Amino acid sequence: MKKRIISLMIPVMALLTLTGCIRIDRGIEVKPNGKIGANVSYAFSESFVNYMFESKEEFFEKMQESEDDEDLDYEATEFTADGETWYGLNIRGDFDTPAEAAEALEANFDSSGEDDFSNDFEIEQSGFIRKTITVKMTSLDPDRDPKGAEGMKAFGVKDVFTIKVPSKIVETNGEIDSADPTRASWDVSAVDFGGEDTMEMSVTYMYMMPIIIGVGALAALIVGVILVVVAIIIIRKVAGNRGVKNIGE
């Protein structure tokens with residue numbers, strides 16, 4: 001079964017006609033073990049939750065029952081930002097290949113339940129020590145308002161995509177997090193809501209693991225050679241001492 005961790009995104013977007021009080025955060029994380037984590041987090045303001053639901057517990061229940069995959073991790077969130085309390089859901093999963101992570105990020109249902117791949121994602125990796133990961137996000141929705149993103153921003157909607165890598169970023173076309181130099185972000189509202197058809201996000205970092213492994217292997221080899229040389233010297237010395245003793249006898 002294809003796993004797309006944000007199949008709720010299109011119905012969630014539809015709710016924006018009622019309110020702009022939403023925060024959307026999607027992204028990927030390149031893990032040291034080679035896997036790629038994909039995640040989506042969306043949160044609604046307390047005022048919106050109180051208007052639409054009887055309680056925050058009902059909100060969390062409705063959100064989570066709409067997404068149910070045993071291979072994914074779900075976490076209800078509650079936090080304060082911009083002077084407001086927010087309630088939301090984080091969905092995360094780890095994938096073996098860039099293609100699987102990209103597929104997981106593609107929203108595949110519209111508000112009527114029909115297949116509607118409104119966003120297409122492509123993830124590519126290149127390089128060996130100096131590695132670059134590139135995410136291309138393309139809207140497949142022909143009905144977007146060319147100025148849709150401007151309207152959403154006016155309502156206070158935040159729509160962000162992030163890329164996190166194992167070590168410090170050395171080059172990117174995004175904005176590096178001041179508190180985390182391994183993380184960069186982009187405002188992707190123009191692709192989601194209208195203004196741009198596609199956006200390419202890239203991060204370059206130094207992948208030191210091959211160097212660390214190589215240095216470790218070289219050090220182990222040197223130590224091994226030294227131990228062998230020392231063992232040979234000791235053996236020869238012992239043999240020489242025995243020879244001298246035999247002559248004396």
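The values are calculated or read from the model by the stated rules, or taken from the named source; none is laboratory data. In this text, all values refer to a predicted model and were calculated from it rather than measured experimentally. Ideal geometry is used to build each Cβ from the backbone, glycine not excepted, and the neighbour counts take in all protein chains shown. Accessible surface is based on the protein model in full, side chains and every heavy atom, while ligands, DNA and RNA are left aside. Shrake-Rupley method; radii C 1.70, N 1.55, O 1.52, S 1.80 Å.
For GLY88, indicate whether it is modelled with pLDDT under 90 and within 21 Å of the chain's Cα centre (by Cα).
Numbers: modelled with pLDDT under 90: yes; within 21 Å of the chain's Cα centre (by Cα): yes.
So GLY88 passes the test.
Contact map, segment 53-72: first residue at pLDDT 75 or above and in a helix (DSSP H, G or I), second residue loosely packed, with under 11 Cβ neighbours inside 10 Å and of a type in the set (Ser, Thr, Tyr), Cβ cut-off under 8 Å, separation 6 or more or different chains; the map is empty. With respect to (1) modelled with pLDDT under 85; (2) over 30 Å from ALA99 (Cβ atoms); (3) outside any helix (DSSP H, G or I), the lone exception for SER7 is condition (2).
The residues of segment 120-156 that are in contact with a Leu (Cβ under 9 Å, 6 or more places away or on another chain) and exposed (fewer than 14 other Cβ atoms within 10 Å of the Cβ) amount to a single one, PHE155.
Close Cβ contacts (under 6 Å, 6 or more residues apart or on different chains) running from residues in segment 193-208 that are closer than 19 Å to VAL160 by Cβ to residues that are open to solvent by 70 Å² or more (accessible area, probe 1.4 Å) comprise GLY194/ASP145; GLY194/PRO146; GLU200/LYS136; SER202/ASN173. For segment 35-47, a residue qualifies if it is free of Cβ contacts under 8 Å to residues at least 60 places away in the same chain and open to solvent by 10 Å² or more (accessible area, probe 1.4 Å), and the qualifying residues are ASN39, SER41, GLU46, SER47. When residues in segment 161-192 are screened for being open to solvent by 50 Å² or more (accessible area, probe 1.4 Å), part of a loop (DSSP other than H, G, I, E, B), in contact (Cβ under 8 Å) with a residue 12 or more places away in the chain and not charged (D, E, K, R), 2 of them pass.
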